[in-house]
Amino acid sequence: MAEEQTPPAGPDLTKGVASADFNGATLLGHVGDQDVLLVRSGSEIFAIDAHCSHYHGPLADGLVVGHSIRCPWHHACFDLRTGEA
C-alpha cells in the first residue's frame with residue numbers, strides 16, 4: 001500500500017510574504033514540498049524547518065523565547081539563527 005502524502009502547509013514562501021500575514025510570532029508555509037516555519041523575533045525574521053528533529057513535533061505550536069523556539073511536545077530548544085538543537 002502506498003503512503004499518502006499530505007500537501008505542503010500554508011503559503012508558498014517563494015512568492016514572498018507580507019508582514020501582515022503574520023498573526024503572531026510564527027507563519028507556517030512551504031518551499032516546494034518542504035514545510036518551513038518563519039519566526040519573528042524582535043525586528044528579525046528567521047526561517048527554520050517546521051518540525052522538531054527529534055519527534056517531528058509541530059514547531060509552529062512551539063514557544064518562541066528570544067532567539068529560540070521550544071518544541072511543544074517535549075520542549076527541545078532550537079536556535080533560530082542556526083536551527084541547531
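So here's what we get for this one:
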| read-out | value |
| --- | --- |
| Rough spin-label spacing in nm, given labels placed 7 Å along Cα→Cβ, for Ala85 and Arg40 | 3.0 nm |
| In Hz, Karplus ³J(HN,Hα) per residue of region 75-83 (6.51, -1.76, 1.60; θ = phi - 60°; x = Gly, Pro) | 6, 4, 10, 10, 6, 5, 6, 10, x |
| Residue among Ala50, Ala18, Ala60 with the largest mean-square fluctuation in a Gaussian network model of the chain, springs linking Cα atoms under 10 Å | Ala18 |
| Alpha carbon centroid spacing (whole Å) that separates region 61-85 from region 29-59 | 10 Å |
| Cut-off under 5 Å, modelled amide H: who pairs with Ser41 long-range | Phe46 |
| Beta bridges per DSSP with both ends in the chain, % antiparallel, nearest 5 | 95 percent |
| Distance (nanometres) between label positions extended 7 Å along Cα→Cβ at Ala20 and His54 | 3.9 nm |
| Residues of region 32-53 with amide N under 19 Å of the 7 Å Cα→Cβ point at Asp12 | 32-38 |
| For the chain, cysteines whose Cβ has no other cysteine Cβ within reach (under 4.7 Å) | Cys77 |
| Under 5 Å, built H, 5+ apart or other chain: amide partners of Cys52 | Gly57, Leu59 |
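Bear in mind that the values in this text are calculations on the coordinates, not laboratory data. Keep in mind that this is a model prediction, so the values were computed, not measured. Cβ: placed from backbone, ideal geometry, glycine included. Neighbour counts: every protein chain shown.
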